[in-house]
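The values are calculated or read from the model by the stated rules, or taken from the named source; none is laboratory data. Note that the structure is predicted; figures quoted are calculated from it, not measured. When we count neighbours, we look across all protein chains shown, and the Cβ atoms used for this are built from the backbone with ideal geometry, even at glycine. SASA here: full protein model, heavy atoms, side chains in, ligands and nucleic acids out. Shrake-Rupley method; radii C 1.70, N 1.55, O 1.52, S 1.80 Å.
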Amino acid sequence: MPKFEPNADLDKQPVRIYRTGLILVAGLSLVMFGLLGRVVQLQLDPERRLHDFIENRGSEASILARRGDLTDTRGRPIASTHLGYRLFADPKAITDIDEFAAHVAHAIGDDPARIDQLISRRIDSRYIVINPLLDEAQVKAVQDLKLAGLGVEPNPVRIYHQGQLASQLVGFVGAEHKGLDGVEFALDSLLRGEPGRVHTLRDVSRNPLWIEQSQYVPSDDGRSFRLSVDMVIQSIAEKELAEACRQFKAKRAELIVMEARTGQILAMANWPPFDPNDPAAAQGEARRNRCITDPFEPGSIFKPFVYGAALSTGVTRGSEMYDCTTSGVYVTSYGRRLRDAHAHGLIDFDHVLIFSSNIGMGKVGERMGSRALFNAVTSYGFGTRTGTALPGESPGIVNPLNQWSKYSLTSVPMGQEIAVTPVQMVKAFSAFANGGVIVSPSVLGEEADTPIYQRAISADAAQHTRDTLRRVVTEGTGRKADSAIYRLWGKTGTAQVPDRVHGGYKDRAYNASFICGAPLNNPRLITLVTVHEPDAAIGYYGGIVAAPVAKNVMEKSLTYLGVPPDNQDAPRGASIASAD
């Protein structure tokens with residue numbers, strides 16, 4: 001029987017297995033500790049090239065709030081917000097900028113060099129707007145490209161449905177959808193609403209993974225408003241105003257139509273207009289709402305206010321006689337010469353207003369004295385803002401009493417040495433429609449039931465002034481405003497334009513105005529028309545340039561509102577009058 005001898009190699013095999021295991025365990029342990037160390041190092045001090053990936057694992061996005069709508073007093077749309085689309089690029093996801101720019105430019109009809117430069121300048125950014133507003137065809141073309149780094153996102157678009165109508169009143173919004181002028185600016189915080197926000201966790205390819213409920217805040221849409229303006233009346237006003245400006249080659253013009261009882265502004269027109277859908281195409285001056293921002297020297301349209309105050313305070317009576325001279329020139333005690341366009345001789349105080357006599361008004365101013373005249377002017381609201389809350393409203397210019405001179409007593413009654421805004425004029429003129437009480441103008445339809453009233457003169461003085469203003473239209477300077485449909489009552493004005501550079505007044509430069517109300521016994525509307533610097537060679541008197549515009553606007557507006565005619569059989573008066 002063979003003898004068994006132990007194998008030395010077999011005896012050593014367990015040792016080799018043991019040692020190999022130790023080496024493997026040690027190696028794996030080193031790898032694990034190395035990986036753990038690397039994780040710690042990346043957490044505590046990551047490499048620069050990894051920062052962007054770490055910092056952009058999530059994205060914070062704003063949820064758009066829809067801007068509130070604007071409608072006219074009858075619910076017609078003026079401004080609304082629609083959903084558009086914005087094209088943007090993520091440079092980090094673009095491999096070839098030149099090729100990317102060429103494809104995108106071809107799809108949206110843009111310049112590839114512009115897109116290339118736009119991206120190259122901000123290569124480290126993750127968001128670059130290429131086009132703020134795409135049309136439907138461009139959206140489809142972009143989506144068909146399926147390019148990495150190219151995206152389309154919702155973008156609110158403000159649309160002004162009435163175009164140029166009431167553009168200065170309504171205003172417009174900027175690129176960030178923030179109101180920049182007019183009602184859009186005045187009500188911006190309410191129209192804009194509150195945007196929401198959402199935080200999304202994304203993977204390395206920017207694909208969304210999930211949204212934390214605690215980091216989601218829904219948006220709150222803006223409030224909508226109904227304005228007082230009536231777009232039919234606004235259209236009437238703007239067409240008539242534009243026609244007059246073209247006919248008389250005027251520099252600019254304003255027109256306001258206001259509800260006499262409530263102060264609701266039914267039309268506020270400025271010429272020339274602009275299109276709020278493309279505000280960049282208009283010069284800054286065209287975007288000004290001069291009805292509230294630009295005071296002007298009113299001239300003779302200011303005379304009814306001094307006339308009414310003189311009656312109210314008992315300084316004079318309508319029947320009292322005034323010597324307005326047979327020469328048409330009156331020299332004051334301090335040497336100032338007052339002139340009338342026509343000599344009127346001895347006339348009563350009513351005819352001082354009917355014929356627009358500077359001499360008669362100057363004499364009444366001297367009789368009233370500085371204190372009473374100043375109080376009369378301010379009682380109508382001149383020198384203070386009307387409270388429309390529209391941006392940039394001017395308080396006008398009424399000099400403090402301690403700055404009045406001896407000339408002020410004769411200048412102010414003629415509408416000189418004072419500056420007013422168109423909206424101040426219609427507010428003050430409402431005193432003659434409301435029994436001596438003025439009403440605060442408003443551009444918000446919600447305020448129709450809560451007008452603010454303030455007494456300016458007595459009810460008897462207001463009624464007498466209104467009756468006399470009717471005679472201005474039938475007998476005096478406003479005969480071109482005498483309507484065959486409604487009994488208008490109003491006053492003309494032809495004011496010289498101050499020279500802001502050299503002082504005094506510009507040569508042959510005038511502002512032609514007419515302010516009126518109708519109907520006579522139950523006033524519904526008040527209208528002011530002011531045409532600035534018409535061509536003097538064509539015509540510049542308020543009775544010629546502005547009065548026919550006011551008449552046409554009043555006739556069409558009152559007919560549209562369903563106000564019954566009150567002048568079918570009214571006689572026409574004829575008399576010599578001053579030219580303004």
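Side notes on the structure shown:
- Ser513 meets each of the listed conditions (1) in contact with a Phe, Trp or Tyr (Cβ under 9 Å, 6 or more places away or on another chain); (2) open to solvent by 10 Å² or more (accessible area, probe 1.4 Å); (3) modelled with pLDDT of 95 or more apart from (2).
- Tally of residues being touching a Pro at 6+ places or on another chain (Cβ under 9 Å) and open to solvent by 20 Å² or more (accessible area, probe 1.4 Å) across the stretch 395-426: 3
- Taken over the stretch 168-179, the criterion of being touching a helix residue (DSSP H, G or I) at 6+ places or on another chain (Cβ under 8 Å), outside any helix (DSSP H, G or I) and modelled with pLDDT of 85 or more is satisfied by Gly171, Phe172, Val173, Lys178, Gly179.
- Residue match in the stretch 485-508 (condition: assigned to a strand (DSSP E or B), among the polar types (S, T, N, Q) and open to solvent by 10 Å² or more (accessible area, probe 1.4 Å)): yes
- If you go through the stretch 516-547 and pick out every residue that is assigned to a loop (DSSP other than H, G, I, E, B) and either open to solvent by less than 10 Å² (accessible area, probe 1.4 Å) or not hydroxyl-bearing (Ser, Thr, Tyr) (or both), you end up with 14.
- Taken over the stretch 363-380, the criterion of being surrounded by fewer than 23 Cβ atoms within 10 Å (Cβ to Cβ) and small (Gly, Ala, Ser) is satisfied by Gly369, Ser370, Ala372, Ser379.
- Here Val232 qualifies as open to solvent by less than 80 Å² (accessible area, probe 1.4 Å), more than 30 Å from Ala537 (Cβ to Cβ) and at pLDDT 95 or above.
- Of all residues making up the stretch 311-324, the number that are under 15 Å from Gly362 (Cβ atoms) and either in a helix (DSSP H, G or I) or out of contact with any helix residue (DSSP H, G or I) (no Cβ under 7 Å at 6 or more places or on another chain) (or both): 1
- The stretch 166-195: number of residues that are open to solvent by less than 70 Å² (accessible area, probe 1.4 Å) and touching a strand residue (DSSP E or B) at 6+ places or on another chain (Cβ under 8 Å): 17
- The stretch 383-413: number of residues that are touching a Leu at 6+ places or on another chain (Cβ under 8 Å) and hydrophobic (A, V, I, L, M, F, W, C): 3
- Listed by position, the helices (runs of 4 or more DSSP H) enclosed by the stretch 359-439 that each have at least 1 residues that are under 25 Å from Asp348 (Cα atoms) and aromatic (Phe, Trp, Tyr) are 370-379, 422-429.
- Out of Leu165, Leu191, sole residue that is in a helix (DSSP H, G or I) and out of contact with any His (no Cβ under 8 Å at 6 or more places or on another chain): Leu191
- Boolean, Ala550 is in contact (Cβ under 8 Å) with a residue 12 or more places away in the chain, small (Gly, Ala, Ser), crowded, with 24+ Cβ neighbours inside 10 Å and assigned to a strand (DSSP E or B): no
- Complete set of residues in the stretch 247-284 that are of a type in the set (A, V, I, L, M) and touching a residue at least 24 places away in the same chain (Cβ under 8 Å): Ala250, Ala253, Leu255, Ile256, Val257, Met258, Ala260, Ile265, Leu266, Ala267, Met268, Ala269
This table checks each residue for (1) open to solvent by 30 Å² or more (accessible area, probe 1.4 Å); (2) at positive phi; (3) out of contact with any helix residue (DSSP H, G or I) (no Cβ under 7 Å at 6 or more places or on another chain); (4) outside any helix (DSSP H, G or I).
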{"site": "Ala237", "(1), (2), (3), (4)": "no, no, no, no"}
{"site": "Gln247", "(1), (2), (3), (4)": "yes, no, yes, no"}
{"site": "Asn270", "(1), (2), (3), (4)": "no, no, no, yes"}
{"site": "Phe274", "(1), (2), (3), (4)": "no, no, no, yes"}
{"site": "Asn277", "(1), (2), (3), (4)": "yes, no, yes, yes"}
{"site": "Ala286", "(1), (2), (3), (4)": "no, no, yes, no"}
{"site": "Cys291", "(1), (2), (3), (4)": "no, no, no, no"}
{"site": "Pro304", "(1), (2), (3), (4)": "no, no, no, no"}
{"site": "Ala309", "(1), (2), (3), (4)": "no, no, no, no"}
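- Each residue in the stretch 326-353 was checked for being farther than 27 Å from Ile515 by Cα and open to solvent by less than 20 Å² (accessible area, probe 1.4 Å), and 1 of them qualify.
- Close Cβ contacts (under 7 Å, 6 or more residues apart or on different chains) running from residues in the stretch 146-171 that are of a type in the set (Phe, Trp, Tyr) to residues that are open to solvent by less than 20 Å² (accessible area, probe 1.4 Å) and in a loop (DSSP other than H, G, I, E, B) comprise Tyr160/Pro276.
- Val364 being touching a strand residue (DSSP E or B) at 6+ places or on another chain (Cβ under 9 Å) and closer than 15 Å to Met414 by Cα: yes
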